[in-house]
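Student: Sharing a structure here in C-alpha cells format.
The values are calculated or read from the model by the stated rules, or taken from the named source; none is laboratory data. Since the structure is predicted, the reported quantities are computational estimates derived from the model, not experimental observations. Virtual Cβ from ideal backbone geometry, glycine too; neighbours counted across all protein chains shown.
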Amino acid sequence: MFKRFPYSDVYSPRDGKGGDTAHVDSILDPEAALQSYEDKPGDIIVRGNGEDQRFVIALLGQYFPGFVRYADSEKDGFKARQKYFYDGLWKIAQIPSLESVAFPYRIGCGAAGGDWDTYYRILQNLAEYLEGKAEVYIYHLEGV
C-alpha cells in the first residue's frame with residue numbers, strides 16, 4: 001500500500017510521540033495536521049487531500065502489535081481492541097462529506113487476533129448507520 005500511496009505511511013515519519021500525523025480533526029481543521037499529538041487506540045489518522053491523493057485512513061486499534069498477549073487486559077485484550085475498532089469507526093462515520101469507505105476482509109482478525117464474526121457485525125452496524133449517506137465496502141483479495 002505504501003508503494004502505491006506513499007503519503008499513507010503513518011509509521012515512518014513518527015517522532016516517537018505520534019508527531020507528524022494527522023487525525024480526524026485535520027478534516028475539520030487543516031492546521032491540526034501540522035500539530036503533534038500522542039496517538040492512542042481508537043484514534044484515526046487521515047492522509048491524502050481527496051483531490052490528487054485519495055484519502056487513506058489508519059484506524060489505531062491496539063496498543064501492542066500482533067496477537068493479544070493478555071486476553072482479558074482492559075488496555076489491550078480482545079474486548080479492548082473491539083472497543084478501539086468501534087471508536088475508530090465512529091470517528092470515520094463523523095467525517096464530513098464521506099462518500100464511501102472500504103475495509104480489508106478480516107480487518108483486525110489476522111495478527112491482531114480478532115474474531116471476524118464480531119468485527120463483521122460491527123462493520124454491518126456502521127453500514128446501517130451510514131445508509132443513504134455513504135457506502136461501506138469490504139474487499140477480499142484472492143490469495144491474501
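Student: Against the definition (closer than 16 Å to Ile92 by Cα, of a type in the set (Ser, Thr, Tyr) and modelled with pLDDT under 80), how does Ser26 come out, yes or no?
Tutor: Taking the combined requirement at face value, the residue satisfies it.
Student: Looking only at the stretch 98-111, decide whether some residue is over 15 Å from the mean Cα position of the chain (by Cα), closer than 20 Å to Ile57 by Cα and of a type in the set (A, V, I, L, M, F, W, C).
Tutor: Yes, some residue in the stretch 98-111 is over 15 Å from the mean Cα position of the chain (by Cα), closer than 20 Å to Ile57 by Cα and of a type in the set (A, V, I, L, M, F, W, C).
Student: Say we look at the stretch 51-67 and pick out the residues that are within 10 Å of the chain's Cα centre (by Cα) and assigned to a loop (DSSP other than H, G, I, E, B); which of these is surrounded by the fewest Cβ atoms within 10 Å (Cβ to Cβ)?
Tutor: If we take residues in the stretch 51-67 being within 10 Å of the chain's Cα centre (by Cα) and assigned to a loop (DSSP other than H, G, I, E, B), then Leu60 is surrounded by the fewest Cβ atoms within 10 Å (Cβ to Cβ).
Student: I need every pair where a residue in the stretch 94-120 that is more than 16 Å from Gly66 (Cβ to Cβ) has its Cβ under 6 Å from the Cβ of a residue that is modelled with pLDDT under 90, sequence separation at least 6 or different chains.
Tutor: Ile95/Ile27
Student: Tyr70 passes all but one of (1) assigned to a loop (DSSP other than H, G, I, E, B); (2) modelled with pLDDT of 95 or more; which number fails?
Tutor: Tyr70 satisfies all of (1) assigned to a loop (DSSP other than H, G, I, E, B); (2) modelled with pLDDT of 95 or more except (2).
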